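Here's the structure we're looking at; comments come further down.
The values are calculated or read from the model by the stated rules, or taken from the named source; none is laboratory data. Because the structure is a prediction, the values reported are computed rather than measured. For neighbour counting, all protein chains shown are included, and Cβ atoms are generated from backbone atoms with ideal geometry for every residue, glycine included.
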């Protein structure tokens, strides 16, 4: 088959699907602990929108279902068993929108689409104002986009054609100026190059430039480039793409490099023998979100492309809003450089701190999710976690949207 | 330690770093203040035969064995220390006292910001300011300038600016028979600009002021504001570390150029105030000091980039206007900065409102 990548492959015996990757989903299990599942078969669905299925990335046995507070699904763990077969998926029944959407829903790839505002899985009954493919990575040390898409050029192109047909809205491919991915021009997709430092790879930046969101109820959908390749793989080969390309980096890692790993791979297994002795490593989910991921159960997140392991330093806890020691915000102009482009950083931060939902919306909060303001949390001297504050504001906006 | 980006790892860590940089940026200005007040003291003594040197600070200078006959660098420094140090210690004591009381009342630890407020406040005073006025001004600065707003960084005006403005307004005619009051327009700063208004460059030359002495700071004036060179050194540090906004600073200096040119182009050439060239606007008075250390205080300035440009041009425009049109207020920097500080939230409000309208137009 096409697209056997040049990356070093790492097999995993355990993998997991994490509940926190899918915001606002109430999972309904379609299998039991101990069941043998085939790769590509639905193991969960959204109880409120039963069309949205979540499929097993590899064949194996359902080992464990971890639930957290209020029985919220934390993770579904699968023990990989190569002897189980793969579910062959039928190609889409037609070229029309309904058939394309039905294929994406049945194959589970619908769940890798995200909406702005709010960052949810889109409702299959709605229409977006635009669809964006994020084919650019601006996070330092993240895997380079160009070799990955080049290795799976056929899959990428097939998926672009399909994504152009799931709605009548324009499809944009957001890419770095030095690398423009190849795709079938007949699909009608448009390319847009983005520059501008650490924010250039964030969907929030692309949406701000291409399709700003107001309160008219419009949604923009976006999807990552590896999820696009996974969709193309399903289209061309009828089976799920059993790889994700991730970068191993950070000062506690012995040999920083790119690896092809199983989606949802168990991190303990993945990092075995990769870390320096004697350091107390903590895992951070890339520079832009910095949540320590060492907590159980540790699996590769659905959209996580960077495994950055650094030696333990005093990091502010992720859930520490710092309400007790929330110092004053010093509105220096260094904040402007760290903020989301096109949005006044300091007024937005003040609105978030005050919980001023209306002002935050007017300033453009609907275009943002946590990752867009992560750099502000680090640059601001007030110890506020703007990701959490933004989510509180978005939750209020969502309930009235 | 100074240049690395260590914001926010420890509580208050980023704030401490900014404070360290701000204090370090004031170091050249403080050194010039020490040497220059000694120099001005000996210069002024020759003009004041009735001065007996019996006040506390002069006796302290005697105690440090400053020699008035053939003064050298040590003597300048000794007199400077004898005059600046008591003022600074008193300002720190008063500031620390109020900060302690406010911290106790609010149940939080003391914040170190009063150190910067005290230093800025003293640098904006004449070298022989009355101790009672220092207590009054510093109390206003800490209580009204930041205490009642909740502490450092939570106010909307620079506390030192407020303290100085209160002193200027409350004691407009303050002046004493002392060498360091020579060439001063009360607390309002140097009267070199008034001198220029009256007699042009000849008057300045008679008072011993030329471009070079004004550039290095060997002229009468409030302690920190005389030396453009020292102020520029501090400004470079603040700009490199991004503590102050280059836009706001640039707007003020470009604005000064622009408005001085406008006044010269459309004004009345026969009058000295309107013919005053831009380099004298910069060298005399406290425009440069105010622009770098007071107006660019990130807490008390506009927080949007268009707002910063507007604020800078507004400051420059008003300073030039008052200097040219109001001969009773030759320096004008302190009242203008106070007014524009109060306007900064309004400027931001307008910029944000405009931005929201623009956004609403292009939304889907």
Report summary line: residue B:142: passes all of (1) more than 14 Å from every other protein chain (Cβ to nearest Cβ); (2) crowded, with 17+ Cβ neighbours inside 10 Å; (3) within 30 Å of residue B:39 (Cβ to Cβ) but (3)
Query - Residues satisfying the stated conditions in segment A:165-178, i.e. in contact with a strand residue (DSSP E or B) (Cβ under 8 Å, 6 or more places away or on another chain) and either over 27 Å from residue A:374 (Cα atoms) or touching a residue at least 24 places away in the same chain (Cβ under 8 Å) (or both) - result: A:166, A:167, A:169, A:170, A:171, A:172, A:173, A:174, A:175, A:176
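Per-residue answers, yes or no, for (1) over 24 Å from residue B:333 (Cα atoms); (2) not in a helix (DSSP H, G or I):
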residue	(1), (2)
B:41	yes, no
B:52	yes, yes
B:66	yes, yes
B:77	yes, no
B:100	yes, no
B:117	no, no
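Applying the selection to segment A:325-348, what residues are facing another protein chain (nearest Cβ under 9 Å) and outside any helix (DSSP H, G or I)? Outline the logic, then answer.
Looking only at segment A:325-348, we keep the residues that are facing another protein chain (nearest Cβ under 9 Å), and these are A:325, A:327-337, A:342-347.
Answer for segment A:325-348, where residues must be facing another protein chain (nearest Cβ under 9 Å) and outside any helix (DSSP H, G or I): A:325, A:327, A:328, A:329, A:330, A:331, A:332, A:333, A:342, A:343, A:344.
Looking at B:262, B:284, B:233, B:229, can you tell me which residue is away from chain A (no Cβ under 14 Å), modelled with pLDDT under 95 and either in contact with a helix residue (DSSP H, G or I) (Cβ under 6 Å, 6 or more places away or on another chain) or within 17 Å of residue B:348 (Cα to Cα) (or both)? Give the steps one after another, and end with the answer.
Numbers: B:262 fails: either in contact with a helix residue (DSSP H, G or I) (Cβ under 6 Å, 6 or more places away or on another chain) or within 17 Å of residue B:348 (Cα to Cα) (or both); B:233 fails: modelled with pLDDT under 95; B:229 fails: modelled with pLDDT under 95.
Result of the check over B:262, B:284, B:233, B:229: B:284.
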Query - Matching entry among A:155, A:139 (being in a loop (DSSP other than H, G, I, E, B), outside the structural domain of residue A:41 (by TED's automatic domain parsing) and buried (at least 17 other Cβ atoms within 10 Å of the Cβ)) - result: A:139
Query raised in the report: Which one of these does residue A:213 not meet: (1) in contact with a helix residue (DSSP H, G or I) (Cβ under 6 Å, 6 or more places away or on another chain); (2) surrounded by fewer than 23 Cβ atoms within 10 Å (Cβ to Cβ); (3) touching a residue at least 60 places away in the same chain (Cβ under 8 Å)?
Result: (2)
Query raised in the report: Assuming residue A:258 fulfils every condition listed in (1) more than 17 Å from the chain's Cα centre (by Cα); (2) in the same structural domain as residue A:127 (by TED's automatic domain parsing); (3) part of a strand (DSSP E or B) apart from one, which condition is it?
Result: (2)
Report task. Mind checking which strands (runs of 3 or more DSSP E) fall wholly inside segment A:1-97 and carry at least 2 residues that are under 20 Å from the mean Cα position of the chain (by Cα) and touching a residue at least 24 places away in the same chain (Cβ under 8 Å)? Result -> A:14-18, A:42-46, A:53-55, A:73-80
Report summary line: Selection over segment B:306-326 where residues are within 14 Å of chain A (Cβ to nearest Cβ) and either buried (at least 24 other Cβ atoms within 10 Å of the Cβ) or in contact (Cβ under 8 Å) with a residue 60 or more places away in the chain (or both) yields a count of 5
Query raised in the report: Given the structure, is residue A:169 modelled with pLDDT of 90 or more, within 14 Å of chain B (Cβ to nearest Cβ) and either in a helix (DSSP H, G or I) or closer than 27 Å to residue A:101 by Cβ (or both)?
Result: yes
Report task. Confirm whether residue B:160 is at negative phi, more than 14 Å from every other protein chain (Cβ to nearest Cβ) and not in a loop (DSSP other than H, G, I, E, B). Result -> yes
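For the structure I just gave you, tell me whether residue B:195 is modelled with pLDDT under 90, away from chain A (no Cβ under 14 Å) and either closer than 27 Å to residue B:76 by Cα or surrounded by 21 or more Cβ atoms within 10 Å (Cβ to Cβ) (or both).
Values: modelled with pLDDT under 90: yes; away from chain A (no Cβ under 14 Å): yes; either closer than 27 Å to residue B:76 by Cα or surrounded by 21 or more Cβ atoms within 10 Å (Cβ to Cβ) (or both): yes.
Yes.
Mind listing whichever residues of segment B:300-359 are over 30 Å from residue B:196 (Cα atoms) and not in a helix (DSSP H, G or I)?
Of the residues in segment B:300-359, the ones over 30 Å from residue B:196 (Cα atoms) are B:300-308, B:342-359.
Residues satisfying the conditions are B:301, B:302, B:303, B:304.
Name the residue that is nearest to the chain's Cα centre (by Cα), counting only residues in segment A:124-136 that are over 22 Å from residue A:197 (Cβ atoms) and surrounded by 19 or more Cβ atoms within 10 Å (Cβ to Cβ). Write out each step before concluding.
Initially, segment A:124-136 is screened for residues over 22 Å from residue A:197 (Cβ atoms), giving A:124-131.
Then drop every residue that is not surrounded by 19 or more Cβ atoms within 10 Å (Cβ to Cβ), which leaves A:128-131.
Details: A:128: 18, A:129: 20, A:130: 18, A:131: 15 Å.
Residue satisfying both the conditions and the ranking: A:131.
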**Report entry** Evaluation of residue B:222 against (1) out of contact with any strand residue (DSSP E or B) (no Cβ under 8 Å at 6 or more places or on another chain); (2) within 21 Å of residue B:30 (Cβ to Cβ) (one fails), failing number
**Finding:** (1)
Query raised in the report: Can you pull out the residues in segment B:234-252 that are surrounded by fewer than 21 Cβ atoms within 10 Å (Cβ to Cβ), in contact (Cβ under 8 Å) with a residue 60 or more places away in the chain and not in a helix (DSSP H, G or I)?
Result: B:241
**Report entry** Pairs where the first residue, in segment B:9-20, is at the interface with chain A (Cβ under 7 Å from one of its Cβ atoms) and the second is modelled with pLDDT of 85 or more, C-beta under 6 Å, 6+ apart
**Finding:** B:18/B:243
Report summary line: The lone condition residue A:209 fails out of (1) in a loop (DSSP other than H, G, I, E, B); (2) closer than 30 Å to residue A:357 by Cα is (1)
Report task. Restricting attention to segment A:367-385, report how many residues are touching a helix residue (DSSP H, G or I) at 6+ places or on another chain (Cβ under 7 Å) and within 12 Å of another protein chain (Cβ to nearest Cβ). Result -> 9
Report task. Test residue A:362 against the criterion of being surrounded by fewer than 21 Cβ atoms within 10 Å (Cβ to Cβ), closer than 18 Å to residue A:116 by Cα, more than 21 Å from the chain's Cα centre (by Cα) and within 12 Å of chain B (Cβ to nearest Cβ), and give yes or no. Result -> no
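Yes/no per residue for (1) in the same structural domain as residue A:270 (by TED's automatic domain parsing); (2) out of contact with any helix residue (DSSP H, G or I) (no Cβ under 9 Å at 6 or more places or on another chain); (3) under 16 Å from residue A:302 (Cα atoms):
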| residue | (1), (2), (3) |
| --- | --- |
| A:17 | yes, yes, yes |
| A:25 | yes, no, yes |
| A:30 | yes, yes, no |
| A:34 | yes, yes, no |
| A:38 | yes, yes, no |
| A:54 | yes, no, yes |
| A:62 | yes, yes, no |
| A:65 | yes, yes, no |
| A:77 | yes, yes, yes |
Report summary line: Subset of segment A:166-186, residues crowded, with 18+ Cβ neighbours inside 10 Å and either over 23 Å from residue A:109 (Cβ atoms) or in contact with a helix residue (DSSP H, G or I) (Cβ under 9 Å, 6 or more places away or on another chain) (or both), comes to A:166, A:167, A:171, A:172, A:173, A:174, A:175, A:176, A:181, A:183
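With respect to residue A:351, is the statement that it is crowded, with 21+ Cβ neighbours inside 10 Å, at pLDDT 90 or above, within 12 Å of chain B (Cβ to nearest Cβ) and over 19 Å from residue B:154 (Cβ atoms) true? Don't jump to the end; show me each part of the working.
Numbers: crowded, with 21+ Cβ neighbours inside 10 Å: yes; at pLDDT 90 or above: yes; within 12 Å of chain B (Cβ to nearest Cβ): yes; over 19 Å from residue B:154 (Cβ atoms): no.
Here the answer is no, as residue A:351 does not meet what is asked.
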Query - In segment A:137-164, the residues that are more than 19 Å from the chain's Cα centre (by Cα), more than 19 Å from residue A:222 (Cβ to Cβ) and without any contact (Cβ under 8 Å) to a residue 60 or more places away in the chain - result: A:150
Report task. Spot the failing condition for residue A:208; the list is (1) closer than 14 Å to residue A:115 by Cα; (2) away from chain B (no Cβ under 14 Å), and only one is missed. Result -> (2)
